[in-house]
Structure formats: structure tokens, C-alpha cells
Amino acid sequence: MAGRSEDDIRDARDGRRVMFVLAGTGILWILTTEIGRTYDWSQRVLAFCDLAALAGFALGLWMTYQIWRRRRDRDRNDQG
């Protein structure tokens, strides 16, 4: 991987990890919602699944923010 620094490789790896977290959360949320409707789960269980999905999406957002902040700090250090 000529021309790519260790930081770029780390950012790419972390970006893929974020993609898997967000995609996995979305797929699991859809599946649990459909399974819950099929098996007539209570609203309490469905609400718990919604909260778990919300936590997964929040984790993905936090991970994305961490990547953005790391890149921003690196760019500032390179300029100054």
C-alpha cells in the first residue's frame, strides 16, 4: 500500500468497523421488529429492541465522531 500512512490505514479500518456496526444494527433492528410482529411479542419487548437499536446507532455515531476528531487533530498538527 504505497503512499498510505499508518494513520490512513487505521482510519480506513475504523471506518469499515463503523460500517459494520451501523449496517448490523439496522439489519438486526428490522429482523427483530418483523420477528416480534410475527410471534406477537409484547410492546415492552419491542420497545427494548428499539432501545437496543438506538444504542447501536448512537455507538456508530460516536465511533464516526472519534474518527473525524482524530483526522481533524492530525490535519491541524500537519499545518502548524
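Each value in this text was obtained by applying a stated rule to the coordinates, not by laboratory testing. Because the structure is a prediction, the values reported are computed rather than measured. Counting neighbours? That spans all protein chains shown, and the Cβs are built from the backbone with ideal geometry, glycine included.
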Would you be able to say whether some residue in segment 4-11 is surrounded by 12 or more Cβ atoms within 10 Å (Cβ to Cβ) and aliphatic (A, V, I, L, M)?
-> no
Of the residues in segment 24-67, those that are of a type in the set (Ser, Thr, Tyr) and more than 21 Å from Asp14 (Cβ to Cβ) come to Thr32, Thr33, Thr38, Tyr39, Ser42
The lone exception for Thr25 - which of (1) loosely packed, with under 11 Cβ neighbours inside 10 Å; (2) touching a helix residue (DSSP H, G or I) at 6+ places or on another chain (Cβ under 9 Å); (3) not acidic (Asp, Glu) it fails = (1)
Among the residues of segment 58-80 satisfying the criterion of being without any contact (Cβ under 8 Å) to a residue 24 or more places away in the chain and of a type in the set (A, V, I, L, M), which is surrounded by the fewest Cβ atoms within 10 Å (Cβ to Cβ)?
-> Ala58
Of residues in segment 28-57 being within 23 Å of the chain's Cα centre (by Cα) and among the hydroxyl-bearing types (Ser, Thr, Tyr), the one surrounded by the fewest Cβ atoms within 10 Å (Cβ to Cβ) | Thr33
Identify, please: which residue in segment 11-55 is of a type in the set (Lys, Arg) and without any contact (Cβ under 8 Å) to a residue 40 or more places away in the chain and is, among those, farthest from Tyr65 (Cα to Cα)?
-> Arg37
Do you know which residues across segment 1-57 are outside any helix (DSSP H, G or I), over 21 Å from Asp75 (Cβ atoms) and among the aliphatic types (A, V, I, L, M)?
-> Ala2
